[in-house]
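Note sheet for the following structure.
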Amino acid sequence: MDIIYFIVQQTMFFAIPLLIVALGGMFSERSGVINIALEGIMVMGGFFGIGFMHIFESRMSGQLLLLLALLVSGVTGAIFSLLHAFASINLKADQTISGTALNMFAPAFVVFIARMIQGVQQIQFKDTFRINKVPVLGDIPVLGPLLFQNCYITTYIGLGIAILSGIVISKTRFGLRLRACGEHPQAADSVGINVYKIRYAGVMISGALAGIGGLVFIVPTSTNFNASVAGYGFLALAVLIFGQWRTNKIIAAAFFFGIMKTFASAYSVVPVLRDLPISNEIYKMIPYIATLVILAFSSKNSQAPRAEGIPYDKGSR
Amino acid sequence: MEYVIEMNHITKEFGNFKALDDVTLCVKKGEVHALLGENGAGKSTLMSVLFGLYQAEQGEIKINGKPVKINNPNDANNLNIGMVHQHFKLVHNFTVLESIVLGRETVNGGFLKMDEARKKVVELSEHYKLKIDPDSYISDITVGMQQRVEILKMLYCDNEILIFDEPTAVLTPQEIDELMKIMKNLVDEGKSIIFISHKLNEIKAVANRCTVLRKGKYIGTIDVETATRETMSEMMVGRKVNFNLDKAEEKLGNVTLKVENLSVVSKISHKKVVDDVSFEVRRGEIVCIAGIDGNGQSELVYGITGLIPLQSGKIEINGKDITKDSIRKRSLAGMAHIPEDRHRHGLVLDYTVQQNVVLQTYFEPRFQRHGFIRFDAVREYAKKLIKQYDIRSGQDENSVTRGMSGGNQQKVIIARELDRDPDIVLAVQPTRGLDVGATEYIHKQLIKQRDNGKAVLLISLELDEVMEVSDRILVIYEGEIVADLDPKEVTVQELGLYMSGSKRKIAK
Amino acid sequence: MKKQKFELSKGGKDFIASIAAIAAGLLFGLVILLFSNARQAFPAFGMILKGGFTDGLSGIAQVLYVATPIILTGLSVGFAFKTGLFNIGAPGQFTCGAFAAVYIGVKWTFLPAGAHWIVALLGALIAGAIWGMVPGILKAIANVNEVITSIMMNYIGMYLVNILIVKFVYDPVRNQSVPVAKTANIPKAGLDKLFNYSNINISIFIAILAVIVIYIVLNKTIFGYELKACGLSPEASRYAGINAKRNIILSMTIAGALSGLGGGLLYLAGSGKYLQVVDVLAPQGFNGISVALLGISNPIGILFAGLFIGHITVGGNNIQLYNFVPEVVDIIISTIIYFGAFALLIKSLLDRFRRRPSESGAVKEEK
């Protein structure tokens, strides 16, 4: 039973950052802008968030520090994503090239700053955020150890973001207009909606969430930041596509991928897995292979936003 | 006279091209006012000016007697002007309700409040007898219902002046009757409607008055009830005839192209855009398919050349069945295609003249050896064609076609297609957008083909061209061939009647 | 015959846009250096610009060593670009090619000395080709966007190669691949003595050969003619009966082969570089994108772009002398790519500046 608790707890650590970043990608792509720079934005956000913690951890600790750091990460991500927004929306540049540039820039920039300031590229921080047991909730049989022990507040924040995203996309005016811009910007324009503004919003939301995702990725799983998020940004893209750009499917996809990652890393600890002839590398590959297969069969019925990747030109009629 | 809209002496230019030349349109309150004209007459341009998509160089617009400036669709909307475009602006995975309220949503702190909106939409729908289902998805409903959604969009924001741009182009006959009834209802409720069309029947059925444009000029405004179809047709096409071409007596040979029961279905509307078409073209004749744009001629050609799939039918060249053949195979069987869209299909715009002239023949032994291009051969060939067809450009065979004039670009295409010595040439609107000189030249080339015993299938929207160049005219209307005419025995006015669906010779 | 106003050719405009992007990237790098250590900034910047020349002949050899793999991945990405495809899968193809080369290098010792390294390189080519073919097939047949499939293949390739290294050619102490047989190392042909640099070998010539071959294919063959037509104008290509699906698959396969070859060249150099069993994507793959963009997807341009990036990379390594971090070169390169997005803007500015005569009569016909 302990094993199961362990697996669920670990899955949370892997799935939640994927979920947050993938949802960010959803906002950008459903507004019409492809954002493959999620990896780079995660690095930037993670770096500034961890950097903030590193600087201020002598003065405060615990959840307050973490929450402020999350804020810093989000803001950093949003600002960094402006570069992509400007190139894609105003300059109508190739969105994959602009995204690739940001992905290359972020780790290099981050290592550079780190080495400049402190000599080494790894930034350490103290983990004062681990919650051993949530009062009251942690004592519930079964559910308690599953969800409310050995956890981080980031898990609940992530789930909160998921619920909020779903509501915003489908039940608010902003969400309706955003979706229109991603499917048929001419239709949106013809009723007076400012497509450019909405797309900027979509990209900045993706930036903020990716930034937060970068921090959320590091905190539960290590005590230092080493200028990398191990491909999570791209995996989040896979989650987005696997989840067909819809909130509920993205949640499912994130957890599926999270479980695979857990199997991959907890491989040696879980007796069942150890005995199966599947090596941990294969678990790591499964999410990517699964995405390929899904894409191969569903690209005809893909629910990809119809106008994504196509720069909107008001003049073209 | 209570005019709700006055557009006085509007002139609109695009560079050197005058799309509208001193056009005046006056619409009374509560009337259905039709705007009639052929393709290129300027109808859509005029409405785009009214709707704020374009600004006129000269002229003024008055709404309810007050002069106004309309700089964008929002301004138009504020003046209660709404437009149903020919290509609907609907999001495929929104519901009907969402589509109607988009841009005008009722909200409470950012959250959509659909109940109030739903009530208003249902009320409007019942009041104006516009049947819709608020919860269906746009992709699931018929084109007729989609159009009603567009109309409700206008009514939802209290538009009083409603513009319909060729609304019946995508509807079935039943849906067209529905629309006519809806328009009458709207007008009874005090709305004013401008209805762009080239279909005389429909104008006769529903309009009060009709303004006719021809080639950007204002021809006149008539009272529809008292006008005859003949008068309207005459105003639309005019009498003058431009060119006198020397054509030898036709010498007919074997059947080169045979088309049997061809049908093409549109992927968007699931309607038959080409409906059971059959005809033949023989050696030594120029057959012209005449019709107003949008009646299926484009799809017919794409189907024959292989660019789009057929729903049913058979195609034969020189007796050989090519229905299932690839585009390359059809080309090798002797079919040449001068395409409608010279920039999209006819040329690789970023290639040079010499690269483009071998677009259909680069793999032939004369132009390549073991896969390597024989540049000398290609260059010589290009030079020959440039001289023969008088193609003018900055760097001759090395000019990038993107930078050439439209006429010369077309000459490259024609040179390439005709020099292949094809048995049948499909020429689609080959003189569109070209000046008089280039037009004359192209007509001469087509006639030369025919005099040399080749077959030509010409698709044209220009009545002058149709009358002068062809030996036989097939009129296409709503995807069907409705007449097979001899240009020597039919008048232009009559032709106009066939093209606008008012008359048909071949029974359904 | 019209009198031609001085008008920049398309190539000319592209070149200027490239230069502008490079200048912007370098300038930004300088600003970063100034920010962190103003005193040492200019000397360090100078060192980046001097690149391999700082160390004379051996420095130049180092530049060639660094440039060779990215010239190949640059060709890979550039070739795909010409056909209208974005080959972001270069890292995966590179790694698969590298593994194939190492495997053959370690295991197939039965091959005679002269042939061993050649066969190993061929293996690299084939492995890369297969890895590139998958996104190509998916795009041609199922219309799946090649960017996403390529990214997926990058990761699948990385993990797969890690598994295979551990299974077949593992050095558990250092967690990397074992050294290949001496006969599999690419011959140095005396170059190491000439340049006084042990890592140099004839692979730069192989790279140049690849550049020439790709140049010939693109510009002199009917295959290249078809590929470029598909990339420039897919609709017109269809009209002309060109088989777009086949060309997409072939193009991605060739692109994959090129990246794979690059991987083989790097890991058979006998330079002490071994395939690490880590979850890291080959940076040479991503640098190929920079090289292709800088070289405007033109094979000769790519050759020089690869040399340029190799040059500033070596320069970047040298600035550690001034206590700067070599990552500043990556910052410069990524900035150059980002400014490449401004290329359209620059080109349209150039157009307006030259006041192109409105000669093209393609006026919009209005209904």
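The values are calculated or read from the model by the stated rules, or taken from the named source; none is laboratory data. These numbers come from a predicted model, not from an experiment. In this analysis, Cβ positions are derived from the backbone assuming ideal geometry, glycine residues included, and neighbour counts consider all displayed protein chains. Side chains included, ligands, DNA and RNA excluded: accessible areas come from the protein's heavy atoms. Shrake-Rupley method; radii C 1.70, N 1.55, O 1.52, S 1.80 Å.
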Report relative contact order for region A:139-294 in percent, whole number only (criteria: Cα-Cα under 8 Å, sequence separation at least 6). 14
What trypsin sites (Lys or Arg not before Pro) in region B:278-319 are in a loop by DSSP, with at most 10 other Cβ atoms within 10 Å of the Cβ? none
Highest mean first, what order results for A:118-125, A:22-29 on Cβ atoms within 10 Å? A:22-29, A:118-125
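For an R0 of 51 angstrom, estimate the FRET efficiency from the Cβ-Cβ distance between C:V280 and B:E260 and round to the nearest 0.05.
Rounded to the nearest 0.05, the efficiency is 0.20.
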Within a 10 angstrom radius of each residue's Cβ in C:331-337, how many Cβ atoms of other chains show up on average? Whole number is fine. 6
Quick one: which residues, 5 or more positions from C:T221 or on another chain, have an amide H under 5 Å from its amide H? H modelled 1.01 Å from N in the peptide plane, none for Pro or chain starts. B:I373
Would you please classify the overall shape of chain C from the alpha carbon gyration tensor, given that a ≥ b ≥ c denote the square roots of the eigenvalues, rounded means a/c under 1.5, and beyond that prolate means a/b larger than b/c while oblate covers the rest? oblate
What the Cα atoms of the protein assembly as shown span along the principal axes, largest first and in whole Å, is 97, 77, 60
Just to be sure I understand: with springs between alpha-carbon atoms less than 10 Å apart, which residue in C:G190, C:G264, C:G272 has the highest mean-square fluctuation in the Gaussian network model of chain C? C:G272
Quick one: pull the percent of accessible area on region C:122-267 belonging to carbon and sulfur, 1.4 Å probe, ligands and nucleic acids left out. 69
I'd like the FRET efficiency for B:D223 and B:S326, computed as 1/(1 + (r/R0)^6) with the beta carbon distance as r and R0 of 51 Å, rounded to 0.05. 0.40
Inter-part gap, Cα centre of region A:143-183 to Cα centre of region B:75-124, in whole angstrom, is 27
Check: C-alpha center region A:79-142 vs C-alpha center region B:1-67, spacing in Å is 55
Per 0.36 nm of contour for each residue apart, how much would the distance between B:E126 and B:D421 grow if the chain were fully extended, relative to their Cα-Cα spacing? 100.0 nm
Have a look at C:A90, C:G260, C:L293 and report the one farthest towards the positive end of the charge dipole of region C:69-300, computed about the Cα centre with Cβ charges (Lys/Arg +1, Asp/Glu -1). C:G260
Explain nothing, just compute: Karplus ³J(HN,Hα) = 6.51 cos²θ - 1.76 cosθ + 1.60, θ = phi - 60°, for every residue of region C:199-207 in order, whole Hz, x for Gly and Pro. 8, 7, 8, 7, 5, 4, 6, 4, 4
How far apart, in nanometres, would the label points at C:I19 and A:K92 be if each is projected 7 angstrom from Cα along the Cα-to-Cβ direction? 2.7
Would chain B count as rounded, prolate or oblate if I go by the C-alpha gyration tensor, calling it rounded below 1.5 in a/c and otherwise prolate when a/b exceeds b/c, oblate otherwise? prolate
Leaving ligands, DNA and RNA out of it, work out the accessible area of A:F217 with a 1.4 Å probe and give it in Å² to the nearest 10. 20
Gyration tensor on Cα atoms of region B:255-499, a ≥ b ≥ c root eigenvalues, a/c under 1.5 rounded, else prolate if a/b beats b/c, else oblate, says prolate
For chains A and C, what's the summed buried accessible area, probe 1.4 Å, to the nearest 100 square angstrom? 3700
In whole Hz, what ³J(HN,Hα) sequence does region C:230-238 give by Karplus (6.51, -1.76, 1.60; θ = phi - 60°), x for Gly and Pro? 4, x, 7, 7, x, 5, 5, 5, 4
Would you look at the GNM of chain C, springs on alpha carbons closer than 10 Å, and say which of C:G132, C:G59, C:G262 moves the most? C:G59
Fully extended, how many nm does the chain gain between A:Q63 and A:D127 (0.36 nm per residue separation, minus their Cα-Cα distance)? 22.0 nm
Under unit Cβ charges (Lys, Arg +1; Asp, Glu -1), what dipole magnitude, rounded to 20 debye, does region C:69-300 have relative to its Cα centre? 260
For peptide A:166-177, the mean count of other chain Cβ atoms within 10 Å per residue Cβ is 4
When the accessible area of region B:91-153 is split by element with a 1.4 Å probe, what percent falls to carbon and sulfur? 50
Taking chain B and counting helices only, DSSP H stretches of n ≥ 4 at -39,500 (n - 2.57) each over all residues, the nearest-500 ellipticity at 222 nm comes to -9000 deg cm²/dmol
Once amide H atoms are placed 1.01 Å from N in the peptide plane, what residues at a sequence separation of 5 or more from B:H9, or on another chain, have their amide H within under 5 Å of its amide H? B:V23, B:T24, B:L25
When the helices in chain A are scored as -39500 (n - 2.57) per DSSP H run of 4 or longer and the sum is shared across all residues, what 222 nm value do you end up with, to the nearest 500 deg cm²/dmol? -23000 deg cm²/dmol
Can you give me the long-range amide H partners of B:V273? Hydrogens built in the peptide plane at 1.01 Å from N, cutoff under 5 Å, separation of 5 or more residues or another chain. B:V264, B:V265, B:S266
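Taking the solvent-accessible surface of protein heavy atoms with a 1.4 Å probe, what is the per residue accessible area of the protein assembly as shown in Å²?
For the protein assembly as shown, the per-residue accessible area is 40 Å².
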For labels at B:K384 and A:Q149 in the simple 7 Å Cα→Cβ model, what's the distance in nm? 8.9
Quick one: check the C-alpha center-to-center distance for region B:293-370 versus region C:278-297, whole angstrom. 39
If you put +1 on each Lys and Arg Cβ and -1 on each Asp and Glu Cβ, how big is the dipole of the protein assembly as shown around its Cα centre, in Debye rounded to 20? 2280
Would you mind calculating the relative contact order of chain A from Cα pairs under 8 angstrom and at least 6 residues apart, reporting the percent as a whole number? 36
Note: B:200-209 gets an average of partner chain Cβ contacts (10 Å, Cβ to Cβ) equal to 0
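Calculated from DSSP H runs of 4 or more alone, at -39500 (n - 2.57) each and per residue, what is the 222 nm mean residue ellipticity of chain C, nearest 500? Mind dumping the intermediate values first?
On the way: 15 runs with 260 residues, N = 367.
Taken over chain C, the calculation gives -24000 deg cm²/dmol.
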With the crude spin-label approximation of a point 7 Å out along Cα→Cβ, what separation in nm comes out for A:I289 versus C:I141? 1.8
Cβ-placed point charges (K, R +1; D, E -1), dipole of region A:2-301 about Cα centre in debye, nearest 20: 540
Looking only at C:L75, C:L218, C:L258, which one moves most when chain C is put into a Gaussian network model with springs between Cα atoms under 10 Å? C:L218
Would you work out the relative contact order for chain B, in percent, from Cα pairs under 8 angstrom that are 6 or more residues apart? 15
FRET efficiency, B:F372 to C:L194 (Cβ-Cβ, R0 45 Å, nearest 0.05): 0.80
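On a full-extension model of 0.36 nm per residue, what is the gain between B:V107 and B:D140, subtracting their alpha-carbon distance, rounded to one decimal in nm?
9.2 nm
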Ranked from highest to lowest mean number of other Cβ atoms within 10 Å per residue, what is the order of the peptides B:402-412, C:97-107? C:97-107, B:402-412
